[in-house]
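The structure appears below as structure tokens.
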Amino acid sequence: MSLVDRLYRILYDAHERYLRTSDIVDALYGDQADGGPLSADNIVRCTIFKLRDRGVAGETDRAQGYRIVDRTSNCLPRHWTVNSRVHTLARREAIAELRGAA
């Protein structure tokens with residue numbers, strides 16, 4: 001799964017709550033012994049821009065972080081289907097990533 005898709009899932013599963021960059025970095029790279037690349041913050045910012053290019057409606061707040069503002073109107077990645085099983089699986093995987101179990 002691509003980095004853009006993983007970040008989308010993390011933000012989608014936050015249910016319109018803001019996520020700080022550090023929380024996103026932990027979810028993306030927490031399973032790596034070194035915690036991910038030194039430029040992880042910049043990678044997150046660039047990936048957010050890629051999500052916006054795909055039509056994902058999001059907000060950025062310097063103090064609070066990033067969020068998807070309207071989960072019902074966002075463009076899902078092309079290979080995702082609008083199917084409750086897919087969303088349930090995505091939610092479980094994102095939660096596992098946030099907990100560091102994945």
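Brief remarks follow.
- Residues of segment 29-55 that are part of a helix (DSSP H, G or I), touching a residue at least 24 places away in the same chain (Cβ under 8 Å) and of a type in the set (Lys, Arg): 45, 50.
- Evaluation of residue 5 against (1) assigned to a loop (DSSP other than H, G, I, E, B); (2) among the acidic types (Asp, Glu); (3) touching a residue at least 12 places away in the same chain (Cβ under 8 Å) (one fails), failing number: (1)
- Search result, residues across segment 36-47 that are farther than 20 Å from residue 93 by Cβ and modelled with pLDDT under 90: none
- Residue check for residue 67: surrounded by 13 or more Cβ atoms within 10 Å (Cβ to Cβ) and in a strand (DSSP E or B): yes
The values are calculated or read from the model by the stated rules, or taken from the named source; none is laboratory data. From a predicted model like this one, the values you see are computed outputs, not experimental measurements. Every residue, glycine among them, receives a Cβ derived from its backbone with ideal geometry; neighbour counts consider all protein chains shown.
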